[in-house]
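The values are calculated or read from the model by the stated rules, or taken from the named source; none is laboratory data. These numbers were taken from a predicted model, which means no experiment stands behind them. Backbone-built Cβ (ideal geometry, glycine too); neighbour counts: all protein chains shown.
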Amino acid sequence: MSAIGVVKRDRRVQVGVLLLAVYILYLIFYPSSKSGSWDVFSAEEINDLLSGSNSESDIEKLDLEDLALEKPYYDSSLGYDNNWKVYGDTVVDMDKYVRLTSELKDQSSLIFNKHSFSDLGFEVDFRFHIHGSVASNGLKGDGMALFLTDKPLKEGPVFGAEDKFNGLAVFFDTYRNAPKGKVFPFINVMNGDGATRYDKGNDGKANQLAGCTARAIYNPVNGYVDARLIHTTQDGYLSLDYRLDEEWINCFSIKDVHIPSVRFMGFGASTGDLTENVDLIEARVSQLLHHGKIVQSFEEFADDEAHESEEVSSNNEQTSKNNKRRPRKQRNESQRSRLRAKLRNKSNRLTRFKDNSGADEKPSFLRTLWWLIKTSFFMLCALIVLYIAFTVYRVKRRSYLNKKRHTGLLD
């Protein structure tokens, strides 16, 4: 029996051939997945670019002055302009810190800015110091929190603030309430809906969007910890980095997190039977702009950078042709080396982004070759499976026919 005859007679073989054809068509029309810039850059690289700290980034940060907390506190933040509301056991040393809690039991404190902000892409930078006489591996409590909520919160049980808040809270938790689980100190992020309570008994496990262990934030060697929270509203990108020395450490980077469009910023802390000092040293909020345009997502920013790079490259080629006969400005070797390195790094970064995001419609030779190899391999595997299935079918059918042929009426 021919292969065509087998296909015509056996429905299982027909289904197998149909599935193989669909898979081959999928490989032809969708040769590779378009991963986008999220797979090209690490979380730290994305945040360096969005914050403007990377020399290749054209991001401009516009500080929102009404939201700043800086020394001397009474002159610039807590005093004459009265931008902040102070609650509880907060102690302010004008030239050193805003101490949210001291090494005393049952303290609770909260400070909230009176001005709201609604920026579509923003960064919150703050410096804090959690420290005490207890050793790093000993019992201490309870930690501090950053709040971005739809209204200024009042005092309450959640790190100094009221429960059932609507908005974002990042907890720097230094005391374990649950009998087992995370390693502390632990950074935990929650997006409150205005009706859900903070799961205090389990250290926020029921509310946790993301988090990380951050042991070294207690009694840090440098005497403080820097942190930056970056959010873009279009894609809901939310990321937190902290820095103990020179390099930023990414705690979490997640997408599709949407917080109130109008938000107020505050910080809170509390102690129970266990104590620690929590000092807030400075804080600021910055709007993220790219050539005067608000940055609403990292993908949009990367696309703009890619288009800008193409335009600059085209203009440079034209300028080079027009200026062949003009004397060039002399640069020393060090300046030329730095310029070449910067342009080369930016070009490589944008090339990687376009290759992975599908911005470049003409795939490279190596990518095409790799796709052909993958496609051929999958087709070969599929054909081998079909051949084995067909062979098994033939053997079983031949055995059945032979048995039927030698079976008489008396058998």
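What residue, among those in region 112-148 that are at pLDDT 95 or above and among the β-branched types (Val, Ile, Thr), is farthest from the chain's Cα centre (by Cα)?
ILE130
Looking only at region 104-111, decide whether some residue is modelled with pLDDT of 95 or more, in contact with a Phe, Trp or Tyr (Cβ under 9 Å, 6 or more places away or on another chain), within 27 Å of TRP248 (Cβ to Cβ) and surrounded by 15 or more Cβ atoms within 10 Å (Cβ to Cβ).
Yes; the residues of region 104-111 include at least one that is modelled with pLDDT of 95 or more, in contact with a Phe, Trp or Tyr (Cβ under 9 Å, 6 or more places away or on another chain), within 27 Å of TRP248 (Cβ to Cβ) and surrounded by 15 or more Cβ atoms within 10 Å (Cβ to Cβ).
For region 90-97, check the following and say yes or no: at least one residue is of a type outside the set (A, V, I, L, M, F, W, C), in a loop (DSSP other than H, G, I, E, B), surrounded by 18 or more Cβ atoms within 10 Å (Cβ to Cβ) and modelled with pLDDT under 90.
no
Identify all residues within region 112-137 that are crowded, with 21+ Cβ neighbours inside 10 Å and in a loop (DSSP other than H, G, I, E, B); write none if there are none.
ASP119, GLY132
Suppose we keep only residues that are modelled with pLDDT under 75 and surrounded by 15 or more Cβ atoms within 10 Å (Cβ to Cβ) within region 55-82. Which one would you say is nearest to the chain's Cα centre (by Cα)?
GLU56
Out of all the residues in region 358-399, which are modelled with pLDDT under 75 and surrounded by fewer than 11 Cβ atoms within 10 Å (Cβ to Cβ)?
GLU361, LYS362, PHE365, LEU366
Take TYR87 and decide whether it is assigned to a helix (DSSP H, G or I) and more than 20 Å from the chain's Cα centre (by Cα).
Values: assigned to a helix (DSSP H, G or I): no; more than 20 Å from the chain's Cα centre (by Cα): yes.
Here the answer is no, as TYR87 does not meet what is asked.
Can you find, within region 179-205, the residue that is farthest from SER253 (Cα to Cα) among those that are aliphatic (A, V, I, L, M) and at pLDDT 95 or above?
ALA195
Per-residue answers, yes or no, for (1) more than 30 Å from LYS293 (Cα to Cα); (2) among the acidic types (Asp, Glu); (3) in contact with a Phe, Trp or Tyr (Cβ under 6 Å, 6 or more places away or on another chain):
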site: GLY138; (1), (2), (3): yes, no, no
site: GLU155; (1), (2), (3): yes, yes, yes
site: GLU162; (1), (2), (3): yes, yes, no
site: ASN166; (1), (2), (3): no, no, no
site: ALA178; (1), (2), (3): yes, no, no
site: PHE186; (1), (2), (3): yes, no, no
site: ASP203; (1), (2), (3): yes, yes, no
site: TYR224; (1), (2), (3): yes, no, no
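Residues are listed down the side, and each one gets a yes or a no for (1) within 18 Å of THR101 (Cβ to Cβ); (2) crowded, with 21+ Cβ neighbours inside 10 Å:
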position: LEU146; (1), (2): yes, yes
position: PHE159; (1), (2): yes, yes
position: ALA178; (1), (2): no, no
position: VAL189; (1), (2): no, yes
position: LEU209; (1), (2): no, no
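Here is a list: SER253, SER239. Which entry is touching a helix residue (DSSP H, G or I) at 6+ places or on another chain (Cβ under 6 Å) and surrounded by 23 or more Cβ atoms within 10 Å (Cβ to Cβ)?
Of the residues listed, the single one that is touching a helix residue (DSSP H, G or I) at 6+ places or on another chain (Cβ under 6 Å) and surrounded by 23 or more Cβ atoms within 10 Å (Cβ to Cβ) is SER239.
Before we move on, is LEU104 farther than 24 Å from ASN191 by Cβ and touching an Asp or Glu at 6+ places or on another chain (Cβ under 8 Å)?
Numbers: farther than 24 Å from ASN191 by Cβ: yes; touching an Asp or Glu at 6+ places or on another chain (Cβ under 8 Å): yes.
Criteria met by LEU104.
Give me the strands (runs of 3 or more DSSP E) completely within region 217-312, filtered to those with at least 1 residues that are of a type in the set (Asp, Glu), ordered by residue number.
225-232, 237-243, 277-290
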